[in-house]
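Take a look at the structure below.
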Amino acid sequence: MEPIKNQIKKDAGFEQRLNALQQTVLSDTEIQQFIKDEKVTQSMVDRGIGKLFEYTTQQHDCSKCESVATCKNPIHGLVPQLIVERDNIDIQYVPCETKRVEEARRKTASMIASMFIPKDVLKADMSTLKTNNRERMEIMVQATNFIEQVRQNPTDLPTKGFYLHGSFGVGKTFLLAAIANELAKMEVRSILVYVPEFLRELKSAIGDQTLEEKLDFVKRAPVLMLDDLGAETLTIWTRDEILGTIFHYRMAEGLPTFISSNMNYKELAHHFSKTKDDRELDIIKSERIMQRIRTLTIPIDMTGTNFRDFQED
């Protein structure tokens, strides 16, 4: 076989094309800046011309990419960076801005567990909330104060959450999800639970022996958000063994709990006193569970506010 050097010599245009390629690569402004910043010598350029060429063939600005999946680079979501290592030019690949944003979103989503909450609600964001009247401003101030307390000391969470009560459709669930998303950005895990479906789920869990596991998952949550409390069909078992257990544990451990309901404290107390399998009102057990809820939450009246208008158009 003929040596490759001899083949190159026969190709009169090879050296010319190589020189043209080198000039094109070295005319790149980013490469010129790299050579200047890293004090790259001519011998380093000669040895590393392949790496420099590789760098120029790839995208460095991912701002035009819709997602990592549409990335044009060989390794999706990674962009090349020129480095000097042991007097040789090399390339290292780092996550692009699009990939970093997507990973941040996935990480945020992983900090929020939901049970029977619509996915569109989970996208709620505090930054989209309007504060164009006094009532909305007061609600925002309280929510912001809670978030700021967590931001200052994320390892020692406030012991009290909110009890949001108001009529159907005022956006109580949206506000809970928005707070959960802010906490997720600080890597504080929340669990959002739609209470009526959760209680139905626990009934079926008795048969497959997963009741304790599911109950523990909820009651031990760093931040628990119970949505639509009071809308469930109440039994003695769900009141005393499930809800009572959850509230007692969280009160004893000082874990922040958020609740939304169409009922105020007084109305919820009546709801807890009357179960479908109890012919008489049980005021004592109702008051016991209400005392725990009062200890865990700060009541916020959202009655009369169209809280869905709380979002930016």
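The values are calculated or read from the model by the stated rules, or taken from the named source; none is laboratory data. Note that the structure is a prediction, hence the values are computed from the model and not measured. All Cβ positions, even for glycine, are placed from backbone atoms using ideal geometry, and neighbour counts span all protein chains on display. Protein only, heavy atoms only, side chains kept; ligands, DNA and RNA dropped before computing areas. Shrake-Rupley method; radii C 1.70, N 1.55, O 1.52, S 1.80 Å.
Some notes on this structure:
- Against the test of being free of Cβ contacts under 8 Å to residues at least 60 places away in the same chain and surrounded by 22 or more Cβ atoms within 10 Å (Cβ to Cβ), the options 205, 178, 143 yield a single qualifying residue, 178.
- A count restricted to region 118-132 and to residues that are among the small types (Gly, Ala, Ser) and at pLDDT 80 or above stands at 1.
- Taken over region 217-236, the criterion of being in a loop (DSSP other than H, G, I, E, B) and either touching a helix residue (DSSP H, G or I) at 6+ places or on another chain (Cβ under 7 Å) or surrounded by fewer than 19 Cβ atoms within 10 Å (Cβ to Cβ) (or both) is satisfied by 220, 222, 228, 229, 230, 231, 232, 233, 234, 235.
- Any hit, region 188-197, residues being of a type outside the set (A, V, I, L, M, F, W, C), open to solvent by 20 Å² or more (accessible area, probe 1.4 Å), part of a helix (DSSP H, G or I) and more than 30 Å from residue 100 (Cα to Cα): yes
- Complete set of residues in region 299-313 that are part of a loop (DSSP other than H, G, I, E, B), surrounded by 17 or more Cβ atoms within 10 Å (Cβ to Cβ) and either of a type outside the set (Val, Ile, Thr) or at pLDDT 95 or above (or both): 302
- Of all the residues in region 78-117, those that are over 30 Å from residue 195 (Cβ atoms) and either modelled with pLDDT under 75 or among the β-branched types (Val, Ile, Thr) (or both) number 10.
- Among the residues of region 279-298, those identified as modelled with pLDDT under 95 and open to solvent by less than 40 Å² (accessible area, probe 1.4 Å) are 282, 286.
- Residue in region 220-239 that is at positive phi and in contact with a strand residue (DSSP E or B) (Cβ under 9 Å, 6 or more places away or on another chain) present: yes
- Filtering region 264-278 to residues that are open to solvent by 50 Å² or more (accessible area, probe 1.4 Å) and not in a helix (DSSP H, G or I) leaves 264, 274, 276, 277.
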